[in-house]
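The structure appears below as structure tokens.
The values are calculated or read from the model by the stated rules, or taken from the named source; none is laboratory data. All figures in this text were calculated on a predicted structure; none of them were measured in a lab. Here the Cβ positions follow ideal geometry from the backbone for every residue, glycine too, while neighbour counts run over all protein chains shown. The protein model used for the area step is the full one, side chains on, heavy atoms only, and it has no ligands, DNA or RNA in it. Shrake-Rupley method; radii C 1.70, N 1.55, O 1.52, S 1.80 Å.
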Amino acid sequence: MADEVTLLDFWASPFGIRVRIALAEKGVKYEYSEQNLKNKSALLLQMNPVYKKIPTLIHNGRSVCESLIIVQYVDDAWKANAPFLPSDPHQRAQTRFWADFIDKKVFEITKKIWTAKGEELEGAKKDFIECLKLLEGELGEKPYFGGENLGYVDVAFVPFYCWFYAYETCGKFSIEAECPKIIAWAKRCMKKESVSRSLEDPKKVYEFVLELRKRLGVD
Amino acid sequence: MDEREYNMAEEVKVFSTWASPFALRVIWALKLKGVEFDTVHEDLINKSPLLLQYNPIHKKVPVLVHDGKVICESLVILEYIDETWKQNPLLPEDPHQKANARFWAKFGDDKVMQSIGGGVLLKEGKEQEEGFAASMENLKYLEDEIRGKKFFGGETIGLADIALGWLAHYLDIVEEIVGLKLIDQEKFPSLAAWKQEFANAPIIRENWPDRDKLATKYVAMREANLGKGTPK
């Protein structure tokens, strides 16, 4: 009755990192399969025909797509330990709301930070800091968004931490100066093996972002 | 002391607008589960202080308030409703089927609504052609998913049906305004059948917003958007 788990992923993707953290938290053994996004594999196209994107999880031959849906799936399928969502429905709703906020607002803004210039860039930086301050408010005095342990929102957001150096260097600003609580939270998360092993080296990510900028003709 | 504190009955309020397909999802879910609630009608041009207090981040409808607990974002609200009132479940127990339902609900919002609303209703000429092509691609994925099933949820209405349900009424109005057929019976027979089934289902059929009012609103939206373009 051995589980066969494969993760189709791309090393730098914060969305992929979410799933890596989730699987690590649950102690799930899986095969990591690095995908070439410029030349997508037949397996990726077969397992994620609608979006053709990573991350895509394959569990005993069946695929699950979309990172937050995958994280919830991992939570449902491996119930025995480390629950990501609280048990109270209202708290679960709050948790889902903030993860949705990260996807709807935060991610779009961060793209602008490393692609935009001038006024657009300044606007994006301002919006980003505003979002981080809202997240700081939600975190409050808790060690993690999930309370005493890593939860759904921590898993949803901490992957972006390894992209912060790229944002700061491209945008010429310091996130820690504006939002020290978020940085403190991220560093606390990094003390967990599931997180430190899943996040990529920020300098490597920055090199990758420079390549992307060249490809997109940003300069 | 508020006399309501002595009242054991639950207090459920939905902040909505007459036209919002997102608020409609919440109303459907509550009615399908037989939950009594009050509706607070909002005017989006003149949002109530209470709405802004309850949803300071997005400032949108729907908002659900259950015994003082506030929940925002329609898909988040649907899952809350399903977890709180367990009769007539909207999501299956099986983790993979659950993930699948969530996937199609999200696909509806991220892709289908974008391509039809943003790409077809609000555009013309070449841009509309592209929007139409994208919409047809998206509808094909839905066709493949619904084939062989009565509802996306199987035998009964589920989360994905509720999320995609706007297609069974709002889409007709869009099609009439732009003069294009999207859910064509010949191209998408299973999806067309689902549309009929869903539109006429008990509870669903009693709660559609007024067609003519919607048409007026959408025509205005389309004209406003096209009017924003550069002069020809």
Do the conditions hold for B:Ala201, that is, is it small (Gly, Ala, Ser), part of a helix (DSSP H, G or I) and out of contact with any Pro (no Cβ under 9 Å at 6 or more places or on another chain)?
no
With respect to A:Leu134, determine if the residue is open to solvent by 70 Å² or more (accessible area, probe 1.4 Å) and over 21 Å from A:Ala82 (Cβ atoms).
yes
Scan the helices (runs of 4 or more DSSP H) fully inside region B:1-107 and keep the ones with 2 or more residues being of a type in the set (Ser, Thr, Tyr).
B:74-84
List every residue pair whose Cβ atoms lie under 6 Å apart, where the two residues are 6 or more positions apart in sequence or sit on different chains, the first residue falls within region B:202-214 and is within 9 Å of B:His169 (Cβ to Cβ), and the second residue, located anywhere, is small (Gly, Ala, Ser).
B:Pro209/B:Ala19
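Taking region B:129-174, which residues are of a type in the set (S, T, N, Q) and surrounded by 18 or more Cβ atoms within 10 Å (Cβ to Cβ)? Give the steps one after another, and end with the answer.
Filtering region B:129-174 down to residues of a type in the set (S, T, N, Q) leaves B:135, B:138, B:156.
Correct list: B:Ser135, B:Asn138.
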Conditions (1) in contact (Cβ under 8 Å) with a residue 60 or more places away in the chain; (2) under 18 Å from the mean Cα position of the chain (by Cα); (3) assigned to a helix (DSSP H, G or I) -> A:Arg213 fails only (2)
Please work out which one of (1) closer than 19 Å to A:Gly16 by Cα; (2) in contact (Cβ under 8 Å) with a residue 12 or more places away in the chain is the condition A:Glu207 fails and give its number.
(2)
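Yes/no matrix, rows are residues, columns are (1) in contact with a Lys or Arg (Cβ under 8 Å, 6 or more places away or on another chain); (2) without any contact (Cβ under 8 Å) to a residue 24 or more places away in the chain; (3) not assigned by the TED database to the domain that holds A:Ile54:
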site	(1), (2), (3)
A:Ile109	no, yes, yes
A:Lys125	no, no, yes
A:Glu136	yes, no, yes
A:Gly140	no, yes, yes
A:Gly146	no, no, yes
A:Asn149	no, no, yes
A:Tyr165	yes, no, yes
Out of the residues in region A:190-206 meeting the condition of being under 20 Å from A:Tyr167 (Cα atoms) and either outside any helix (DSSP H, G or I) or outside the structural domain of A:Tyr165 (by the TED database) (or both), tell me which one is most open to solvent (accessible area, probe 1.4 Å).
A:Asp201
Note down all Cβ pairs under 6 Å where the first residue falls in region B:56-80 and is free of Cβ contacts under 8 Å to residues at least 24 places away in the same chain, the second is in a strand (DSSP E or B) and aliphatic (A, V, I, L, M), and they're at least six residues apart or on different chains.
B:Ile71/B:Leu64; B:Cys72/B:Val63; B:Tyr80/B:Ile71
Say whether the condition of being modelled with pLDDT of 95 or more and closer than 24 Å to A:Glu193 by Cβ is met by at least one residue in region A:34-47.
yes
Say whether the condition of being within 14 Å of another protein chain (Cβ to nearest Cβ) and either open to solvent by 10 Å² or more (accessible area, probe 1.4 Å) or assigned to a helix (DSSP H, G or I) (or both) is met by at least one residue in region B:115-123.
yes
Listing of strands (runs of 3 or more DSSP E) fully contained in region A:1-98 that carry 3 or more residues being open to solvent by less than 20 Å² (accessible area, probe 1.4 Å) and within 12 Å of chain B (Cβ to nearest Cβ)
A:56-59
If you scan region B:151-192, which residues turn out to be among the aliphatic types (A, V, I, L, M) and over 19 Å from B:Ile204 (Cβ atoms)?
B:Ile177, B:Val178, B:Leu180, B:Leu182
Looking at region B:17-39, is at least one residue aromatic (Phe, Trp, Tyr), open to solvent by 70 Å² or more (accessible area, probe 1.4 Å) and touching a residue at least 60 places away in the same chain (Cβ under 8 Å)?
yes
Restricting attention to region A:149-189, and to residues there that are in contact with a strand residue (DSSP E or B) (Cβ under 8 Å, 6 or more places away or on another chain) and part of a helix (DSSP H, G or I), which single residue is nearest to A:Glu122 (Cα to Cα)?
A:Trp185
